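Peer 1: Structure provided below as structure tokens; questions to follow.
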Amino acid sequence: MITRIAAFLLLAISIDAQLGKDLDTLIGEVFKNPDTTNAPGGGSGSSAPSLQPVEGVSGAENCTCVPYYLCNNGTINTNGEGIIDIRIQDGPCQSYLEVCCNEKDQVTEPITPSPPRGGEKPKGCGYRNPDGVGFRITGDKENEAQFGEFPWMVAILREESVEGNPMKLNVYQCGGALIHPQVVLTGAHCVSGKNKSFKIRAGEWDTQHAQELFPHQDREVQSISIHPQYYAGALYNDVALLFLKSPVDIVENVDVVCLPPSNLVVESGRCYATGWGKDVFGKKGKYQVILKKIDLPIVPRDTCQTKLRNTRLGAHFQLHKSFVCAGGEPEKDTCKGDGGSPLVCPIEGSTNRFYQAGIVAWGIGCGENETPGVYVNVPMFRDWIDEQLKDKSLEISGYQY
């Protein structure tokens, strides 16, 4: 599903799909950059609802296609929440996030969800939203995440200029995780050695739609800190921090993940990896439109090294201390396009709360021959991360648990 050493996920489209299309068309298909003037949820990165009367459809003469949260029709939405099948569109509407709404049921202000049962959402880092935010999807047959399920997940975009086009284009580079409203943790291989301008997109989910109740947020990257012992040849110490020009707004679908203490040894348990990367390795693989999640077992260090020695790495391969391993189950692995994305594990004694144990680094194929994927050992770099934030007078308590 998800990179390893990211080779430009140019708008998450397979090579076959690129034939016969110009670059502007491809840009518009994935990671859209819509007008944000009247975003329904406020903030940055979502277009205003498109209200289009439905014509020529029996029984739909008096209805208009609107985002689900602008229709109080009592079927999909009564309090901002509903169940939406991502594989089924609502009759004549062009998006599964739209409903055909009679004029009397239409509202101008978004219908926001009621507080969760038991009161407000708990305060602090690392809280997953297993039922989504604002609606719950069904039809998720390919490991799609719920909207807002992993609010720390971000897309790292590279600004690219194309000859003859005055507008800069946003090209997907890697995944990352929000650890502070103004800091993203990712892989050094995603951003090193590139004289490029980057931005991050928080709160993204479906890259082809901008009709969710809460919009995504774009922020420009001001500076990058790469671990001084990063070795590109073998990806040792593959860690980087992106410092943003301005902080993101912490809202329902955008929040920070927790970081583990430096002495934590990650040797067991099941964890989640997320990303928009390929579903399988090679030309047949397709980049994902909706954010995907996979649950993976942590693989003990000795076991992982043994399995990796059975690959083309050979019998003398030594697994560097800056790595941990996860996966090894058939057809469940991170893959091309997922580099820099987080591997998060449950915090013992808490409910739906997670810390970041790893960063997608590299692997041999994707989900093949029971070979685990290799991830950055995040606990090993906790002290360095703390130092980098303190040097910029940023608070570190937000990712502590």
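Peer 1: Over 22 Å between Cα atoms: which of Lys321/Lys390; Lys141/Lys199; Lys245/Lys390; Lys123/Lys321; Lys168/Lys245 fall into that group? Don't jump to the answer; show the numbers that get you there.
Peer 2: Details: Lys321/Lys390 25 Å; Lys141/Lys199 31 Å; Lys245/Lys390 17 Å; Lys123/Lys321 34 Å; Lys168/Lys245 18 Å.
Long pairs (Cα-Cα over 22 Å): Lys321/Lys390; Lys141/Lys199; Lys123/Lys321.
Peer 1: Still on this structure: Please report, as a whole percent, how much of the solvent-accessible surface of region 80-179 comes from carbon and sulfur atoms (probe radius 1.4 Å). Could the numbers behind the result be given before it?
Peer 2: Values: 2230 of 4880 Å².
C and S fraction of accessible area: 46 percent.
Peer 1: Name the trypsin sites (Lys or Arg not before Pro) in region 356-401 that are in a loop by DSSP and that have at most 15 other C-beta atoms within 10 Å, would you? Please report the intermediate quantities before stating the final value.
Peer 2: Details: sites: Arg382, Lys390, Lys392; in loops: Lys392.
For trypsin sites (Lys or Arg not before Pro) across region 356-401 that sit outside H, G, I, E and B with at most 15 neighbouring Cβ atoms in 10 Å, the list reads Lys392.
Peer 1: A follow-up question, please. I need the phi-derived Karplus couplings for region 176-183: 6.51 cos²θ - 1.76 cosθ + 1.60, θ = phi - 60°, integer Hz, Gly and Pro marked x.
Peer 2: Karplus-based 3J(HN,Hα) across region 176-183 equals x, 9, 7, 10, 7, x, 10, 9 Hz.
Peer 1: Near the amide H of Arg136, under 5 Å away, which other amide H atoms are found, from residues 5 or more places off or on another chain, if H is placed in the peptide plane?
Peer 2: The answer is Gly82, Ile83, Ile84.
Peer 1: Loop only by DSSP, 15 or fewer other Cβ within 10 Å of the Cβ. Give me the trypsin sites (Lys or Arg not before Pro) in region 184-249 that pass, ordered by residue number.
Peer 2: Working: sites: Lys194, Lys196, Lys199, Arg201, Arg219, Lys245; in loops: Lys194, Lys196, Lys245.
Here the sparse-neighbourhood loop sites are Lys194, Lys196, Lys245.
Peer 1: Region 175-218: Rg/Rh from Cα coordinates, Kirkwood Rh?
Peer 2: Working: Rg = 12.5 Å, Rh = 12.2 Å.
Answer for region 175-218: 1.02.
Peer 1: Can you give the charge dipole size of region 127-232 about its Cα centre, rounded to the nearest 20 debye, using +1 on the beta carbon of Lys and Arg and -1 on the beta carbon of Asp and Glu?
Peer 2: On the way: 10 positive and 13 negative charges, 77 e Å.
Here region 127-232 has a charge dipole of around 380 debye.
The values are calculated or read from the model by the stated rules, or taken from the named source; none is laboratory data. Not measured: the values here are computed from a predicted model. For neighbour counting, all protein chains shown are included, and Cβ atoms are generated from backbone atoms with ideal geometry for every residue, glycine included. Just so you know, the surface numbers come from the protein's heavy atoms only, side chains and all, with ligands and any DNA or RNA stripped out. Shrake-Rupley method; radii C 1.70, N 1.55, O 1.52, S 1.80 Å.
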